[in-house]
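Scroll down for the structure; my scribbles are underneath it.
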Amino acid sequence: MPFLPDEARSLPPPPLVNKGSFLLGFTGWMAALLDNGFSHRPFIQAGVHRQVLFTTVGWFVGYFLTKRTEYIHAKQDRELFEYVRQHPEDFKTAGT
């Protein structure tokens, strides 16, 4: 199963700054800082290139995971609405 099927291209892309990107980008940055701490290097000053790399990788992983999550939710919504459309007798409104 591919990460995102072709039918996911019809969905609008998530915003570049979203909760998943921010959270995983922050996690990547903290991982780089923890690596500095465990290696007895200066916490923030050492390995700035690694901090930028880990943050960037985390940001993009978070973006694509958010994109996949939105696709899965859209697919579930489509299936649910199709079921409701096919079985109107099970979903009567309060006025009828």
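The values are calculated or read from the model by the stated rules, or taken from the named source; none is laboratory data. All values reported here derive from a predicted model rather than from experimental measurement. Don't worry about glycine lacking a Cβ; one is built from the backbone with ideal geometry, like all the others, and counts go over all protein chains shown. What goes into the accessible areas is simple: the full protein's heavy atoms, side chains included, and nothing from ligands, DNA or RNA. Shrake-Rupley method; radii C 1.70, N 1.55, O 1.52, S 1.80 Å.
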By accessible area (1.4 Å), largest first, Asp90, Asp6 order as Asp6, Asp90
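Excluding Arg85 itself, calculate the net charge of residues whose Cβ lies under 13 Å from the Cβ of Arg85, where each Lys or Arg counts +1 and each Asp or Glu counts -1.
Working: positive: Arg78; negative: Asp77, Glu79, Glu82, Glu89, Asp90.
So the surrounding residues net to -4.
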So if the hydrodynamic radius of the stretch 17-86 is defined as the Kirkwood radius over C-alpha pairs, what does Stokes-Einstein give as its diffusion coefficient at 10 °C and 1.306 mPa s, in µm² per second? 115
In Hz, Karplus ³J(HN,Hα) per residue of the stretch 51-59 (6.51, -1.76, 1.60; θ = phi - 60°; x = Gly, Pro): 4, 5, 5, 5, 5, 5, 4, x, 4
Ranked from the most accessible area to the least, with a 1.4 Å probe and all protein chains present, what is the order of His73, His87, His49? His49, His73, His87
Give me the net charge of Tyr63's neighbourhood, meaning all other residues with Cβ under 15 Å from the Cβ of Tyr63; Lys, Arg count +1, Asp, Glu -1. +2
Mind checking the angle between helix 19-38 and the chain's longest principal axis? C-alpha axes, 0 to 90 degrees, to the nearest 10. 20
I need to check one value: relative contact order of the stretch 17-86, counting alpha carbon pairs closer than 8 Å and at least 6 residues apart, in percent. 41
For Val84, Val52, write out the residues from largest to smallest accessible area, computed with a 1.4 angstrom probe and no ligands counted. Val52, Val84
